[in-house]
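Worksheet: one structure, shown below.
The values are calculated or read from the model by the stated rules, or taken from the named source; none is laboratory data. Note that the structure is predicted; figures quoted are calculated from it, not measured. Because the Cβ atoms are built from the backbone with ideal geometry, glycine has one as well, and the counts that use them run over all protein chains shown. All accessible areas refer to the heavy atoms of the entire protein, side chains included, with ligands and DNA or RNA removed. Shrake-Rupley method; radii C 1.70, N 1.55, O 1.52, S 1.80 Å.
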Amino acid sequence: MPVIDTTTRTTGEAETRLSRERTPSVAAALLLPLVDRIPVMAAPCRMHASIDRITVSLAEWTREVGLETPAPARFDRMAGRAFAGFGTDSTLLFAKWLTWLFHFDDEWDEKPAGRAAGIVEAAFARLARHTAETAVPCGGAVQETQDARAGGRTGAGTARTATVRPKPPASVQARGSSPLQARNRPLQPKGLPGLQARAAAPRPEGVLPVEVAFRDLWGVTAPRMSPRWRERFTRGLAAQGVACRTEAENRCAGRVPSVAEYPALRRGTAGPYLFDLVEPCLGVEVPAELRESPAWRTLVDACNDVTAWCNDVASHHKERANGDVHNYVTVAAHAFGLSDTEAVGWVNDRIAERAEDLRAAARRMPGLFDEFGLSPVQARNASKVACAFLAAPRAQLEWLLESSRYDLTSSACLKAGDSNSTYPARGKTC
């Protein structure tokens with residue numbers, strides 16, 4: 001039976017390492033007391049052994065799709081920590097999705113389009129339409145019966161344990177692969193890919209960079225997974241669209257969310273599908289019975305909450321400068337009349353409580369594997385996903401401490417009317 005490690009480790013080494021690596025920003029340093037309080041944040045993360053190749057490959061991809069990503073953002077290093085024990089290709093794919101998600105999120109948090117509900121709705125509709133229109137060849141996924149022959153259960157609850165990429169049409173093979181397709185091939189086992197040898201892929205006329213990147217990532221990810229998983233991703237994308245539209249309406253109305261409603265709203269804007277993406281990145285799929293159980297749902301939602309609320313603590317100064325009230329620190333201060341320091345302490349308390357929910361849910365997994373009759377392969381695959389969730393809080397903490405993304409001095413805070421928005425807000429936005 002796979003072992004999911006939820007034990008407490010000493011924090012002295014962790015704190016020494018953090019202080020030695022980088023003097024953290026003031027806001028991110030407000031999270032350091034959690035290291036002593038939360039077991040899943042106590043132990044330092046390993047960095048992926050191939051992080052240099054991942055960094056170079058991610059930089060090439062962002063140039064090819066047209067995303068402008070400052071090097072200090074270091075999304076590759078967040079993925080490198082969360083996926084330190086997994087393959088290079090898995091980590092690179094997750095790093096690409098992280099990069100895309102943060103770019104997409106910035107459109108609504110920092111730019112004029114985030115105050116225009118119609119623009120938000122239209123952008124999400126285009127992404128949803130693309131997921132619906134993307135053809136996924138029948139040969140793109142291993143049939144569930146293969147897992148049944150390996151000892152797993154048949155039917156709706158069976159997870160696939162391997163993937164096969166679809167073979168491109170003959171016309172595509174004849175004219176060669178595009179630069180984007182080439183970049184999504186497995187990385188070469190030795191050496192760094194040449195930076196000068198590659199030209200950026202031409203962006204289709206009229207298609208925005210974040211949408212180019214999404215199409216590329218979806219084209220790589222969708223063929224790996226079952227129709228059931230793709231439907232789950234689409235539902236998560238729709239939930240994010242609803243949450244982002246609600247935020248746009250709040251900004252226009254000058255309304256601060258209540259403490260009661262904020263966690264669910266924040267869970268939506270964080271991108272619920274981000275946690276589903278762990279599965280295709282690892283090449284596995286969690287069986288439906290396990291995935292729909294209360295314990296697994298708690299595991300996923302608690303990981304979402306802990307990482308989102310930690311992000312709120314680290315980013316609240318920047319978001320306040322942008323005039324955005326969608327931050328747990330701001331919400332708590334407004335609801336209870338707290339000072340900034342008191343509000344941060346209140347949110348840290350909520351993070352500690354939710355992290356315990358995460359840990360408790362992880363402890364229940366081995367029993368649920370037996371209860372649902374998972375095969376050894378299925379149990380091992382589900383454990384991989386659960387371990388990635390357990391690694392996420394500490395991986396994110398270390399990333400927040402070393403990234404300059406939320407430093408006010410290097411912030412790309414944009415005022416209303418800034419022309420740098422991917423989705424320009426034409427006319428009156430509220």
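Annotation: VAL325 fulfils all but one of (1) among the hydrophobic types (A, V, I, L, M, F, W, C); (2) at pLDDT 95 or above; (3) out of contact with any Phe, Trp or Tyr (no Cβ under 8 Å at 6 or more places or on another chain); the unmet one is (2). Within the range 273-282, being surrounded by fewer than 23 Cβ atoms within 10 Å (Cβ to Cβ) and touching an Asp or Glu at 6+ places or on another chain (Cβ under 9 Å) holds for one residue alone: PHE275.
Here GLY323 clears all of (1) closer than 25 Å to GLU402 by Cβ; (2) in a loop (DSSP other than H, G, I, E, B); (3) open to solvent by 10 Å² or more (accessible area, probe 1.4 Å) except the condition numbered (1).
Which of the helices (runs of 4 or more DSSP H) contained wholly in the range 263-317 include at least 2 residues that are of a type in the set (D, E, K, R)? Write out each step before concluding.
Details: elements: 273-276, 278-282, 288-291.
Fully inside the range 263-317 and qualifying: 288-291.
Is it the case that ALA59 is over 17 Å from the mean Cα position of the chain (by Cα), open to solvent by less than 40 Å² (accessible area, probe 1.4 Å) and either closer than 22 Å to LYS384 by Cβ or of a type outside the set (D, E, K, R) (or both)? Yes: the conditions hold for ALA59.
Somewhere in the range 75-98, is a residue open to solvent by 10 Å² or more (accessible area, probe 1.4 Å) and modelled with pLDDT under 80? So far as the range 75-98 goes, no, none of its residues is open to solvent by 10 Å² or more (accessible area, probe 1.4 Å) and modelled with pLDDT under 80. When PRO39, PRO33, PRO72 are screened for being of a type outside the set (D, E, K, R), open to solvent by 20 Å² or more (accessible area, probe 1.4 Å) and closer than 13 Å to ALA391 by Cβ, only PRO39 passes. Can we say SER315 is among the hydroxyl-bearing types (Ser, Thr, Tyr), modelled with pLDDT under 95 and open to solvent by less than 30 Å² (accessible area, probe 1.4 Å)? Here the answer is yes, as SER315 does meet what is asked.
Taking the condition within 29 Å of PRO376 (Cα to Cα), of a type outside the set (A, V, I, L, M) and open to solvent by 20 Å² or more (accessible area, probe 1.4 Å), does ARG230 pass?
When the stated conditions are applied, ARG230 passes them.
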